[in-house]
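Colleague: Quick one: the structure is below, and I'll ask about it shortly.
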Amino acid sequence: MKLNDVNKGIHKRRRRLRIGRGPGSGRGKTSGRGHKGQGQLAGWSAPSIFEGGRSPIIRRIPKRGFHNRHGLIVKSINVSDLEAAFDSGTEITLDLLRSSGVAKGIWQQLKILGNGSLTKSLKVSAHAFSKQAREKILAAGGSVNEVPGPAPVAKGGKKTASAKSSSAQSPSPDPAASE
């Protein structure tokens, strides 16, 4: 690139393209919309899945199951992973598992499973433990701590008496008092 090429192709006061103004304009007659069909009409636009009339891919592929948007993502780790990653006497927390790279990815709850053997004494904290994992950790001289998960949100329940009494004590606007 040279100094005289810096502003090449940049036009500050370029006139807008006037569509449908004769054959000399380059966009005359059909105004770049082609001949006949829906595409020539004003206000018409194709749906995002439109493929020119053939059956769209969203309708061609089979559909099975569903995605639970309210379900928690549970990450599972075996005791063999803990054996390989940590030394004896380590206190294993959820933050330590994330930072050390043992529990990778996105997850809301962590479950320890009993696959493999455990010889080290570890203090393990997690949301859930399988029966085998709990037995193996305790047999190795370690301890198990179940961390509570996020509290469920109660929707549609009746109001408690304390909520009703506080709303009854609030002063109500009196139209006669303002006059």
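Derivation of every value follows stated rules applied to the coordinates shown; laboratory data play no part. Note that the coordinates shown come from a computational prediction; the quantities given were computed from them, not determined experimentally. Cβ atoms come from the backbone with ideal geometry, glycine included; neighbour counts cover every protein chain shown.
Colleague: If you plug each phi of the range 77-89 into the Karplus form 6.51 cos²θ - 1.76 cosθ + 1.60 with θ = phi - 60°, what whole-Hz ³J(HN,Hα) values come out, in order, with x for Gly and Pro?
Modeller: Computed from phi, the couplings for the range 77-89 are 10, 8, 5, 5, 5, 5, 4, 6, 8, 10, 8, 5, x Hz.
Colleague: Is there a quick way to get the dipole size of the chain? I mean about its Cα centre, with the Cβ of Lys and Arg at +1 and of Asp and Glu at -1; what is the value in debye to the nearest 20?
Modeller: 2260 debye
Colleague: What is the set of long-range amide H partners of Ile92 at a cut-off below 5 Å, with H atoms built 1.01 Å from backbone N?
Modeller: Lys123, Val124, Ser125
Colleague: Using a Gaussian network model of the chain with C-alpha springs under 10 Å, which one of Ala133, Ala42, Ala103 is most mobile by mean-square fluctuation?
Modeller: Ala42
Colleague: Still on this structure: Sorting Ile19, Ile112 on the 10 Å Cβ count, fewest up front, what's the list? Walk me through the numbers on the way to the answer.
Modeller: Working: Ile19 13, Ile112 25.
In order of increasing Cβ crowding within 10 Å: Ile19, Ile112.
Colleague: Through the Karplus equation 6.51 cos²θ - 1.76 cosθ + 1.60, θ set to phi - 60°, convert the phi angles of the range 61-70 into ³J(HN,Hα) values in whole Hz; use x for Gly and Pro.
Modeller: Ordered by residue, 3J(HN,Hα) equals 7, x, 10, 9, x, 7, 10, 7, 6, 9 Hz.
Colleague: For the chain, evaluate the Debye formula with one uniform point scatterer on each Cα (no solvent term) and list log10 I(q)/I(0) at q = 0.09, 0.14, 0.16 Å⁻¹, rounded to two decimals.
Modeller: One equal scatterer on each Cα of the chain leads to -0.77, -0.92, -1.07.
Colleague: Now a separate question. Under 18 Å between alpha carbons, and skipping anything fewer than 8 positions from Lys155 in its own chain: which lysines qualify?
Modeller: Correct list for Lys155: Lys164.
Colleague: Okay, next question. Can you list the aspartates and glutamates whose alpha carbon is less than 19 Å from that of Lys36, not counting same-chain residues fewer than 8 positions off?
Modeller: The reachable aspartates and glutamates, counting only those whose Cα sits under 19 Å from Lys36, are Glu51.
Colleague: How big is the range 74-146 by the Kirkwood estimate over distinct Cα pairs, in Å?
Modeller: Taking every pair of different Cα atoms in the range 74-146, averaging 1/r and inverting gives 11.8 Å.
Colleague: Here's something else I'd like to know. Modelling each spin label as a point 7 Å along the Cα-to-Cβ direction, I'd like the Phe50/Leu17 distance in nm, to one decimal.
Modeller: Once both label points are built, they end up 2.0 nm from each other.
Colleague: Along each principal axis of its Cα atoms, how long is the range 1-71 end to end? Whole angstroms, biggest number first, please.
Modeller: 60, 41, 21
Colleague: For Gly142, enumerate residues with amide H under 5 Å from its amide H, sequence gap 5+ or separate chain, H modeled in the peptide plane.
Modeller: For Gly142, whose amide H was placed from the backbone, the distant partners under 5 Å are Leu122.
Colleague: Between Ile106 and Asp5, what FRET efficiency follows from the Cβ-Cβ distance if R0 is 45 Å, with the result rounded to 0.05?
Modeller: It comes out at approximately 0.40.
Colleague: Give the long-range amide H neighbours of Lys75: residues separated by 5 or more places, or on another chain, with amide H under 5 Å away, using H modelled in the peptide plane at 1.01 Å from N.
Modeller: Gln108, Gln109, Leu110, Lys111
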